[in-house]
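A short worksheet on the structure shown next.
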Amino acid sequence: MSCEVKNTKLKAWVNEVAELTQPDSIYWCDGSKAEYDRLMSKMAASGATTPLKKRPNSFLFRSDPSDVARVENRTYISYPDKEDAGPTNNWVAPDELKKTMSALYTGCMHGRTMYVIPFSMAAITSPMAKIGIEITDSPYVVCNMHIMTRVGSKVIEALGTDGEFIPCLHSVGAPLAPGQKDVPWPCAPIESKYISHFPDENLIWSYGSGYGGNALLGKKCLALRIASAMARREGWMAEHMLILRLISPEGKQYHIAAAFPSACGKTNLAMILPTIEGWKAECLGDDIAWMKIGPDGRLYATNPESGFFGVAPGTSYKSNPMAMDTIRENTIFTNCALTDDGDIWWEMIDDPAPEHMIDWKGRDWSPEIKEPAAHPNARFTVPAAQCPVISPDWEKPEGVPIDIFIFGGRRAGVVPLVTEAYNWDHGVFMGATAGSETTAANIGAVGNLRRDPFAMTPFCGYNMGDYFAHWFEMGDKLGKNAPRIFYVNWFRKTAEGKWLWPGFGENSRVLKWMCDRLEGKVSGVATPIGILPKEQELDLTGLEISNEYLHELLRVDVEAWRAEVPGIDKFFAQFGNRLPARLQKQLEDMANRLA
Ligand code: O2Y
Ligand code: MN
């Protein structure tokens, strides 16, 4: 660390954690390339990672098979009153949770280095920036944090003597006895993993996992769970949304923020290559949007992250060419398969599976083996700046003004290709009732509908009923400046199970219709569920799609929608008196329109 740490609270906290966890040494991260290279070389030498011959400065990690994804059932939102966490979060009282976790943290860094990572979420020059300090015993976490956040001495300087920071404590939970040899991916068993949030104190404690959202604490823990609670207190929004700029042939810019549950192609949409003549798109973020009302009364969005932690399987030149070009170099791959010539491979990448690979568990793999070669939640971590379509304004301190919100989900039937909300309250209803049918990648029976309001179920740091109320309050503050709200479903199928809509870059046709609605160029048609395009209003130039498919994509199945009402009513009932009356009214209004 090239600068002196003067922040009294920070020094005290680091000392307190070191006393508790008893590491062999303490290292303050400076965020430099030299630091990254040094840690990677050390991990390569120990066998924790494999440098990839085919991709410059890129590395493959294999996690422990028990530590492959976020652990929602071990994730806690801890307020003194359980009601404040609400029915969608796991809860343990703060005193009890801290007691349990303090016992686990005692001596948990024996034999390891304790890294102190000063990081900023959002460009440090942004008025929206929040400073976090992650303490971790995982060098893999340090390298990922280098990519996903802004790490370095500038953060320490910005903190000064008494600046505020969000303490994020992380340990893999695998102390080493003297002389004990380390494993490539240390972690603790599932029953001692805890991903805990104390929103009243802006505090994060994570123990036992080294993977993704469990361990890179700037992402889901800080930028969504803690930030959503801060945003409610302070009158802004922290959302699970991509940010995209669409540019018309005339050069007019439209900014879109979109929320989808997982497995709905969020990263693909964030990096879309429009197929309609003359339209361009730029990516500003693929996962999280922080939004604040600006001096002109409009809602400004910024992406607090500086990298992408994208799911690898399914990513290909067909589904997301810009992501494929982004990950050519300087990328950390986790749980992908390794080819014999030193490259990565995963299911549904462009090339067919080679005759031999090493799978994500480190075993020989060949095509007759039934298990996938890459884990379904294999990931790439890559700097956002490497994306060929990254917007020149992606780090603009004040963010970009949002014109359009999109919600969506994966539904084989019922939900049309696109619907516009009648007004803000109706749009909040759309967000609150968003849901997807489960796929083979989810737990549970395939085809079950799972509601995931605003795609925030796993990430809302307080009672979801209060979160709905916060959306209404923001709408009231925004008034006529509020973004317009749409709902999309790219995944509608024929009775025979064929996709009705080609998706990917062709989704730009739907985005163009949204822009046309904003410009008053198209009237759409009013239906009981919202405003849909007239068939001739969608620009389908150059796309081969039958009238029958188009008709089905834009059909409102009134019977099927009537059948949705009791399910929504039951879903809302779990929030009891925390459910805003305005949301219940929206359900009644829709039921009346369908009657
Ligand atoms: O499994 C993990 O830890 C990653 S989860 C994730 C990563 C990037 C973007 N979104 C998500 C998510 O679960 O929404
Ligand atoms: Mn996400």
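The values are calculated or read from the model by the stated rules, or taken from the named source; none is laboratory data. The structure presented is a predicted model; accordingly, all values stated were derived computationally and were not measured. Quick reminder, even Gly has a Cβ in these numbers, built from the backbone with ideal geometry, and neighbours come from all protein chains shown. For accessibility, only protein heavy atoms count, side chains too; no ligands or nucleic acids. Shrake-Rupley method; radii C 1.70, N 1.55, O 1.52, S 1.80 Å.
List of remarks:
- Candidates THR88, THR50, filtered to the one that is closer than 18 Å to ILE226 by Cβ and of a type in the set (Ser, Thr, Tyr): THR88
- Looking across the stretch 218-248, the residues that are basic (Lys, Arg) and either in contact with a strand residue (DSSP E or B) (Cβ under 7 Å, 6 or more places away or on another chain) or touching a residue at least 12 places away in the same chain (Cβ under 8 Å) (or both) come down to LYS219, LYS220, ARG225, ARG232, ARG245.
- Any hit, the stretch 566-580, residues being in the same structural domain as ASP403 (by TED's automatic domain parsing), open to solvent by less than 20 Å² (accessible area, probe 1.4 Å) and touching a Leu at 6+ places or on another chain (Cβ under 6 Å): yes
- Of the residues making up the stretch 359-414, those that are more than 20 Å from the chain's Cα centre (by Cα) and closer than 20 Å to VAL311 by Cβ are ASP359, TRP360, LYS361, TRP365, GLU371, PRO372, ALA373, ALA374, PRO388.
- Residue that is surrounded by the most Cβ atoms within 10 Å (Cβ to Cβ), among those in the stretch 180-231 that are of a type in the set (Phe, Trp, Tyr) and farther than 17 Å from LYS98 by Cβ: TYR211
- In the stretch 313-324, the qualifying residues are those that are part of a loop (DSSP other than H, G, I, E, B) and in contact with an Asp or Glu (Cβ under 9 Å, 6 or more places away or on another chain), and the one that is modelled with the lowest pLDDT is LYS318.
- Residue pairs whose Cβ atoms lie under 6 Å apart, separated by 6 or more positions or on different chains, with the first residue in the stretch 112-130 and at positive phi and the second of a type outside the set (Phe, Trp, Tyr), are ALA122/MET128; ALA122/ALA129; ALA122/THR302; ALA122/PRO304.
- Just one of the listed residues (SER32, SER46) is over 27 Å from GLU201 (Cβ atoms), small (Gly, Ala, Ser), open to solvent by 60 Å² or more (accessible area, probe 1.4 Å) and out of contact with any His (no Cβ under 7 Å at 6 or more places or on another chain), namely SER46.
- Checking each residue in the stretch 2-22 for being open to solvent by 70 Å² or more (accessible area, probe 1.4 Å) and either free of Cβ contacts under 8 Å to residues at least 60 places away in the same chain or of a type outside the set (Gly, Ala, Ser) (or both) picks out GLU4, LYS6, THR8, LYS9, LYS11, ASN15, GLU16, GLU19, GLN22.
- The lone exception for ALA263 - which of (1) away from ligand 1 (no atom under 16 Å from the Cβ); (2) surrounded by fewer than 21 Cβ atoms within 10 Å (Cβ to Cβ); (3) hydrophobic (A, V, I, L, M, F, W, C) it fails: (1)
- Conditions (1) modelled with pLDDT of 95 or more; (2) within 30 Å of ASP557 (Cβ to Cβ); (3) touching a Gly at 6+ places or on another chain (Cβ under 8 Å); (4) not acidic (Asp, Glu): number failed by MET348: (2)
- Residue list for the stretch 58-86, filter: farther than 30 Å from GLY576 by Cα and open to solvent by less than 60 Å² (accessible area, probe 1.4 Å): SER58, PHE59, LEU60, PHE61, SER63, ASP64, ASP67, VAL68, ALA69
- When restricted to residues that are within 16 Å of ligand 1 (Cβ to nearest atom) and either more than 11 Å from the chain's Cα centre (by Cα) or among the acidic types (Asp, Glu) (or both), the stretch 239-257 contains 4.
- The single residue among THR334, THR339, THR302 that is polar (S, T, N, Q), closer than 27 Å to MET43 by Cα, in contact with a strand residue (DSSP E or B) (Cβ under 6 Å, 6 or more places away or on another chain) and away from ligand 1 (no atom under 16 Å from the Cβ) turns out to be THR339.
- In summary, helices (runs of 4 or more DSSP H) completely within the stretch 495-595 and bearing 3 or more residues that are touching a Pro at 6+ places or on another chain (Cβ under 7 Å) occur at 581-594.
- Selection status of LEU203, farther than 22 Å from GLY408 by Cα, among the aliphatic types (A, V, I, L, M), assigned by TED's automatic domain parsing to the domain that holds GLU134 and within 15 Å of ligand 1 (Cβ to nearest atom): no
- On the stretch given as the stretch 350-389, residues that are open to solvent by less than 20 Å² (accessible area, probe 1.4 Å), more than 30 Å from THR149 (Cβ to Cβ) and not small (Gly, Ala, Ser) total 3.
- Members of the stretch 309-349 that are within 27 Å of GLU506 (Cβ to Cβ), open to solvent by less than 20 Å² (accessible area, probe 1.4 Å) and hydroxyl-bearing (Ser, Thr, Tyr): THR315, SER316, SER319, THR326
- Residue list for the stretch 473-504, restricted to those being of a type in the set (A, V, I, L, M) and within 19 Å of ALA231 (Cβ to Cβ): MET474, LEU478, ALA482, ILE485
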